[in-house]
Amino acid sequence: MRAVSSDVVLVIVVATALAFDFTNGFHDTANVVATSISTGAAAPSVAIGAASLLNFAGAFISISVAATVANDVVDAAVITPTIVFAGLVGATAWNLVTWWFGLPSSSSHALIGGVVGSAVAAAGFHAVLAEGLVGKVLIPAILAPLLAFVVAGAAIGASYRIIGRQRPGVVTRGYRYGQLISGGLLALAHGTNDAQKTMGVITLALIAHGSLGAGADPPLWVIASSAAAIALGTYSGGWRIIKTTGTRIIKMDAVQGFSAQGAGAAVILASTHFGYPLSTTHVINGGVMGAGAAKRVSAVRWGVAGNIVTAWVLTLPAAALIGAAVYGITRIFGTGALGPLIVTLMSLSLLAAVFARRARRGAPVAVS
Amino acid sequence: MTATIVDWSDLLQTIAASIVAGVGITVAFSFVIWGTARFADLRREDRPGPAGVALAISGLAAAVVALGVVFGVIVMTTK
């Protein structure tokens, strides 16, 4: 009976993880295409379609980040599938809150915050691997957007010097073509870093369930399903976030767009190689601000940028608190599958109510 | 304390790779644009020699961009 219950929880965890991955694509990937759309390099439908395909492909090119999430953030020996479930619900809830208010946050940090919060609620602070959390998540999280800011700023400074006296029409057309490459690389980078977090969490749940040994790599079905979920999420929308990143932070030209995307792709791909779970939201916004500030500091709308930074700072603790609260609710119903089932039903009901309210108001829920 | 829990070697390599790739590819692509624009202008001015040099710079820079992208993806897939 206990084994059946554990299997049910595992199925719920995998479904929730894939749903989270879908919301990650829905919420985050808009940041990837915003720059191309804002500069006129690609039509929204083309940019989103291409980003979906490249997200799917990107998920297959590395598993370093998945290994970090599965083995280096929380102690797999004390984790249960229910803890992973609670963390996922916390992360998804925070993603939807920031989506509702049109604020870019970080799905990655929401996920890690959610899992850390539920693990602490279940097993205490010793369940958290401080070395991995600080060395592989927190420090790269602070450095990555700053690095993207500096790289984009340096890149655009050099670019303006090189192309300074050429005819603007030729330059704009050329960089718009270039954005097909830089935007594609950014989408590939997003796919490889973000989809791996879901792979890592599912792998963690499989290890906790006993289906995989400690330190195992994600199986192919986990990689393929995570790739498909993030690609579908990307294709489904995220238009509110596009509006914030693409036009409200800074009005960009094609040179700035190329530099921001190139900086973002370089930082994410290099970080992915070393297994750092980053957020494209952090990195691309750092790149966008760097590209803007290098041209003219006053071109950046620092008030909007400040709101975004606030959302970033809140993400880890907010998702952790929600994850811990969800774990507490599941435990009210015991250690079996009943708690996760009830929380799932409650979450789905709440989601349906939120989407119905939005539909009644006439605002678009998603644009495909 | 921080020194023991952070792998600074990996972190510094990440920073170096990001700067080299991010700035390098953007600069190389800028030379593609510069070379193409100069080639068109110089050809219109009927100066085939300098136009050829501009085109060669543009082609070389395009090769650097392409090789940089391919190298990056290969490095990603081989760890």
Item to check | Per-region count, the range A:296-308, residues at pLDDT below 75 and assigned to a helix (DSSP H, G or I) | outcome: 9
Item to check | Filter result for A:Ile268 (farther than 14 Å from B:Ala17 by Cβ, among the β-branched types (Val, Ile, Thr), within 14 Å of chain B (Cβ to nearest Cβ) and surrounded by 19 or more Cβ atoms within 10 Å (Cβ to Cβ)) | outcome: no
Item to check | Filtered residues of the range A:155-173 (kept if in a helix (DSSP H, G or I), without any contact (Cβ under 8 Å) to a residue 40 or more places away in the chain and facing chain B (nearest Cβ under 8 Å)) | outcome: A:Ala158, A:Ile162, A:Val170
Checklist entry - Which of the following residues is surrounded by fewer than 19 Cβ atoms within 10 Å (Cβ to Cβ) and out of contact with any strand residue (DSSP E or B) (no Cβ under 8 Å at 6 or more places or on another chain): A:Leu88, A:Leu53? => result A:Leu53
Item to check | Answer from B:Ile19, B:Ile25, B:Ile33, B:Ile57 - the residue that is out of contact with any Cys (no Cβ under 9 Å at 6 or more places or on another chain), of a type in the set (A, V, I, L, M) and more than 7 Å from every other protein chain (Cβ to nearest Cβ) | outcome: B:Ile57
Next on the checklist: Among the residues of the range B:29-45, are any free of Cβ contacts under 8 Å to residues at least 24 places away in the same chain and among the aromatic types (Phe, Trp, Tyr)?
Outcome noted: yes
Next on the checklist: Checking the conditions here, which among A:Leu212, A:Leu206 is free of Cβ contacts under 8 Å to residues at least 12 places away in the same chain, of a type outside the set (D, E, K, R) and more than 13 Å from every other protein chain (Cβ to nearest Cβ)?
Outcome noted: A:Leu212
Checklist entry - helices (runs of 4 or more DSSP H) wholly in the range A:211-273 with at least 1 residues that are at pLDDT 90 or above and in contact with a helix residue (DSSP H, G or I) (Cβ under 8 Å, 6 or more places away or on another chain) - which ones? => result A:220-236, A:254-273
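Yes/no matrix, rows are residues, columns are (1) at the interface with another protein chain (Cβ under 10 Å from one of its Cβ atoms); (2) within 15 Å of A:Ala141 (Cβ to Cβ):
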position	(1), (2)
A:Gln256	no, no
A:Ala263	yes, no
A:Tyr276	yes, yes
A:Val283	yes, yes
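Yes or no, residue by residue, for (1) over 26 Å from A:Ser52 (Cβ atoms); (2) of a type in the set (Phe, Trp, Tyr); (3) without any contact (Cβ under 8 Å) to a residue 24 or more places away in the chain:
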residue: A:Ala110; (1), (2), (3): no, no, no
residue: A:Val120; (1), (2), (3): yes, no, no
residue: A:Gly124; (1), (2), (3): yes, no, yes
residue: A:Ala144; (1), (2), (3): no, no, no
residue: A:Ala195; (1), (2), (3): no, no, no
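The values are calculated or read from the model by the stated rules, or taken from the named source; none is laboratory data. Values in this document were obtained by computation on a predicted structure and should not be read as measured data. When we count neighbours, we look across all protein chains shown, and the Cβ atoms used for this are built from the backbone with ideal geometry, even at glycine.
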